[in-house]
1. Identify the single condition in (1) in contact (Cβ under 8 Å) with a residue 24 or more places away in the chain; (2) part of a strand (DSSP E or B) that I26 does not satisfy, given that it satisfies every other one.
2. Taking only region 13-26 into account, find how many residues are surrounded by 10 or more Cβ atoms within 10 Å (Cβ to Cβ) and touching a Gly at 6+ places or on another chain (Cβ under 8 Å).
3. Could you identify the single residue in N57, N15 that is over 14 Å from the mean Cα position of the chain (by Cα) and in a strand (DSSP E or B)?
4. Kindly indicate the residue of region 29-41 that is in a strand (DSSP E or B) and at pLDDT 90 or above and also farthest from L81 (Cα to Cα) among those meeting that condition.
Amino acid sequence: MNTVEVELRPHIGKNYNKKLNQVVEIEHDQFVVMASVNGSSMVQIGYIGKSQDAPLNGIDTMRALPKHIQEQITQAVAEKLGRGEVHTFVPAPIVPELFGEEEEDDDE
């Protein structure tokens with residue numbers, strides 16, 4: 001069985017505040033989900049909101065993992081948040097064919 005470690009880090013962004021004439025940090029109401037498998041470096045695999053029913057929104061790095069590893073990560077996130085379960089949403093990859101093919105230059 002694989003060893004999965006998960007960290008939930010506050011999602012903090014930066015925004016320019018015109019009134020203060022400076023960049024300020026803004027804490028979003030969610031965590032950045034970081035994961036390590038079998039002692040590898042921590043990588044970002046998604047975001048999860050702080051509300052009780054918020055899903056784990058996976059990004060490309062999560063989609064690249066085998067399904068059983070994704071499930072272990074989801075379970076570890078649920079345990080860290082003290083939830084019985086967490087639903088996961090991992091978007092489908094963007095397929096270039098859906099948007100048409102690039103036209104080649106005929107300037108030869």
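The values are calculated or read from the model by the stated rules, or taken from the named source; none is laboratory data. Computed from a predicted structure; not experimentally measured. Positions of Cβ are generated from backbone atoms using ideal geometry, with glycine treated the same way; all protein chains shown enter the neighbour counts.
1. Every condition holds for I26 apart from (1).
2. 1
3. Numbers: N57 fails: over 14 Å from the mean Cα position of the chain (by Cα).
Just one listed residue meets the conditions, N15.
4. V37
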